[in-house]
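Each remark here refers to the structure printed beneath this line.
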Amino acid sequence: MDRDPKQLREVLTRADAHRGASLVEVYQNCNVFNDGAFEVFTDKASKPFHTIFVEHGKPLVFANGTKGIRLDCMRPMVVDLEGGEWTADDCWVHDERDPYKASILVRLFEDPTEEGAMPRPFGVFYQADRPTHEEKLNAQVQRAREKQGAGDLDELLRGQHVWTIG
């Protein structure tokens, strides 16, 4: 969210440091076309109950620690952490390396005005370290050089089949 500079700075820094593609969605208010569209996520009174900031290795808790999200057969559900039945230890622990849990997390996109709606998640949902296009291309060129030698550009351009036009 544009109104949460600490969290936005963290996400943008991580996206910049990541080798490869990064997708960052920023909730930014527009005074002309959608003024107040994200207010439920930025207003100090409603923000704790409608947002959840995910951090790798930490349980998904929100509402100032009074509520959490747990997985029941890979289905997220909000639990009350004050009633004694559930604790933060029972909540879903965010793992940004798990693509299956990330796909569940991105679907927590319910209408915050509806009763019992899931909180909107913010933060790094998923990160995978894979070779970049450049790394794979350089490895392919290196394998070709090892197999066929360095090559000669003039010889390649002349080729084996030469036509003479007279």
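Laboratory data are not the source of any read-out in this text; all were calculated from the coordinates shown. Everything quoted here is computed from the prediction, not taken from an experiment. We place every Cβ from the backbone using ideal geometry, glycine too, and count neighbours over all the protein chains shown.
Search the range 75-87 for residues that are touching a residue at least 12 places away in the same chain (Cβ under 8 Å) and surrounded by 10 or more Cβ atoms within 10 Å (Cβ to Cβ) and pair each with any residue that is assigned to a loop (DSSP other than H, G, I, E, B) and acidic (Asp, Glu) when their beta-carbon atoms are under 8 Å apart and the residues are at least 6 apart or on different chains.
As it stands, the answer is Val79/Glu85, since those pairs meet every condition given.
Can you find a residue that is β-branched (Val, Ile, Thr) and assigned to a helix (DSSP H, G or I) anywhere in the range 81-99?
no
Which of the residues spanning the range 1-39 are of a type in the set (Val, Ile, Thr) and under 19 Å from Leu60 (Cα atoms)?
Hit for the range 1-39 is Val11, nothing else.
Here are Arg9, Arg70: which of them is touching a Leu at 6+ places or on another chain (Cβ under 9 Å) and not in a loop (DSSP other than H, G, I, E, B)?
Answer to the check: Arg70.
Quick one: would you say Gly65 is over 13 Å from Ile52 (Cβ atoms), of a type outside the set (D, E, K, R) and assigned to a loop (DSSP other than H, G, I, E, B)?
Considered against the rule, which asks whether it is over 13 Å from Ile52 (Cβ atoms), of a type outside the set (D, E, K, R) and assigned to a loop (DSSP other than H, G, I, E, B), Gly65 comes out as no.
Can you tell me which residues in the range 1-42 are in contact (Cβ under 8 Å) with a residue 60 or more places away in the chain and small (Gly, Ala, Ser)?
Listed by number, the list holds a single entry, Gly20.
Return yes or no: is Pro76 touching a strand residue (DSSP E or B) at 6+ places or on another chain (Cβ under 8 Å), under 24 Å from Glu25 (Cα atoms) and in a loop (DSSP other than H, G, I, E, B)?
no
Quick one: would you say Arg9 is within 18 Å of the chain's Cα centre (by Cα) and among the basic types (Lys, Arg)?
Yes: the conditions hold for Arg9.
So, in the range 112-166, how many residues would count as being in a loop (DSSP other than H, G, I, E, B) and either out of contact with any Ser or Thr (no Cβ under 7 Å at 6 or more places or on another chain) or without any contact (Cβ under 8 Å) to a residue 12 or more places away in the chain (or both)?
Qualifying residue count for the region: 28.
Can you name the residue in the range 48-62 that is surrounded by 19 or more Cβ atoms within 10 Å (Cβ to Cβ) and not in a strand (DSSP E or B) and, of all such residues, is farthest from the chain's Cα centre (by Cα)?
Ranking the candidates gives His50 first.
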